[in-house]
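Report on one structure; see the data block that follows.
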Amino acid sequence: MNMYGKIREKTDQHIMQTYNRLPIVLVEGKGAKVWDVDGKEYLDFLSGLGVDSVGHCHPEVVAAIQDQAAKLLHVSNLYYTEPQANLAELLMELSPFGQVFFANSGAEANEAAIKLARYWGKDQGRFRIITAWHSFHGRTLATITATGQPKYHKGFEPMMPGFTYVPFGDLVELEKNLSDDVCAIMLEAIQGEGGVNVSPPDYLQEVRRLCDDTGILLIMDEVQSGLGRTGKWFAFEHFDIIPDICTLAKALGGGLPIGAMLAKEDVALLEPGTHASTFGGNPVACAAAIAVISIMQKEGLLEKAKENGGYLMERLRKVGQTHSVIQEVRGKGLMVGVEFSQEVGPLVSYFQRQGVLVGTAGPRVLRFLPPLIISRREIDKVIDILLEWLTQAE
Ligand SMILES: *Cc1c(COP(=O)(O)O)cnc(C)c1O
């Protein structure tokens, strides 16, 4: 059996079958490219689901990790460390928030946000959190409950009490559900997993106003959309609002696991003993995150995401004009979804055979989350492959 076969067999035999994996074993990455075990090259238009935003194995991220790993790998949060302090300061500089809690993943950052919102509301008897249908907030019990997609609840009932779902973008339904026990509304500015659904114009501003009027919190889940992906540090900036709490994860560590829950100073009420994470704010993950932010600033990646994302969507929309299977192109920056009138599984496989990795967001939505360093030439290549497939399919 060849190396590919061996790795695949071991994986399928010993690892719980929670993923539908594509038949590729990846061994190396550099910039926007990855290579499989047989040496085949792929252009990565999914970047580990929005994680590898500065590209694979960026030399400065690798160096930051190597330096920190040789110095101090881990100490508990009973002590202070420099990388944690510096990363927190950086995050406060580029955001409107006052304090941060460090976790290890998106789900954990959202758990922290949910706990903070309940803690904040406890004296008023407020605990309920309103979230949107088609949202995605993670896979822990509280965050699948927050996730407004019944397919993620199935088999794990009963769900956590205290969550209510409303249609995304529907202000009337939201207002109707604002009972006295609500402590927060939790939304993605652009729903990722749920289909790359962009907030309707004015919606988030109206939600912000509702929160202010009723004195409740607005939590924005920026785990996928945050940190430059949409051409701004936070997707909520496109909508001219500031939430009370915001979560980050995917792109933050440049590939190392880290999550962050940021909050306005007057909301950040968690005190010693109320929340903790052994690995949260690990020095190596923090050092990687500092490097990621510095690369984004130095290389102007937010501007690149905006420009090249605009170019990608413009080209896709043009393709859509002559190919009716494409129903809609939507997104912001380099967070892009293409809705088809048919299932996109075969197209994802075609892209893979042609040496491009892409994702999906539901059965009929093709999802592009390329690294922010992607070039126009690489975008053109992806469009050419899409056109080839469309021409063959007709
Ligand atoms: C991926 C994602 C999560 C979950 O993050 P994990 O690191 O997988 O726990 C939460 N919210 C959004 C919006 C996501 O895209």
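Every number in this text was worked out from the coordinates using simple rules, so none of it is lab data. Being a predicted model, the structure only gives us computed values, none of them experimental. Neighbour counts are summed over all protein chains in view; Cβ atoms, including those assigned to glycine, are modelled from backbone coordinates with ideal geometry.
Structure above, values below:
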quantity: Over segment 1-95: Kirkwood hydrodynamic radius from C-alpha pairwise inverse distances, Å; calculated: 16.7
quantity: Projected area averaged over orientations for the chain, convex hull of C-alpha atoms, nm²; calculated: 20.3
quantity: Peptides 106-118, 149-161, 271-283 ordered by average Cβ neighbours within 10 Å, highest first; calculated: 106-118, 271-283, 149-161
quantity: Members of Lys176/Lys332; Lys10/Lys30; Lys151/Lys176; Lys250/Lys298 lying beyond 23 Å, as alpha-carbon distances in this model show; calculated: Lys176/Lys332; Lys10/Lys30; Lys151/Lys176
quantity: Size of charge dipole - the chain - debye, nearest 20, with Cβ of Lys, Arg +1 and Asp, Glu -1, no other charges; calculated: 900
quantity: Net charge of neighbours whose Cβ lies under 13 Å from the Cβ of Gly148, counting Lys and Arg as +1 and Asp and Glu as -1; calculated: -4
quantity: Potential lengthening between Tyr80 and Asn177 on full extension [0.36 nm per residue; Cα-Cα distance subtracted]; calculated: 30.6 nm
quantity: Distance between modelled label sites at Ile15 and Glu303, nm, 7 Å Cα→Cβ extension; calculated: 3.9
quantity: Residue list for segment 39-68, given a label point 7 angstrom along the Cα-to-Cβ vector of Ile24 and an amide N cut-off under 12 Å; calculated: 39-49
quantity: Two-site FRET efficiency, Ile242 against Cys57, from Cβ-Cβ distance with R₀ of 45 Å, rounded to 0.05; calculated: 0.85
quantity: Antiparallel bridge percentage (DSSP; both residues within the chain; nearest 5); calculated: 65
quantity: Cα convex hull of segment 94-155 - mean projected area over all directions, nm²; calculated: 5.6
quantity: Net length gained if the chain between Asp38 and Leu210 were fully extended (0.36 nm per residue, minus Cα distance); calculated: 56.4 nm
quantity: Cα→Cβ-extended label distance, 7 Å offset, between Asp123 and Glu328, nm; calculated: 4.3
quantity: Extension gain (nm, one decimal) between Ala276 and Asp384, 0.36 nm per residue minus Cα-Cα; calculated: 34.0 nm
quantity: Aspartates and glutamates whose Cα lies under 13 Å from that of Lys40, excluding same-chain neighbours fewer than 8 positions away; calculated: Glu28
quantity: Rounded to 5, percent antiparallel among DSSP beta bridges of segment 110-255; calculated: 10
quantity: Computed over segment 258-394, Cα set: Rg, Dmax in Å; calculated: 19.6, 62
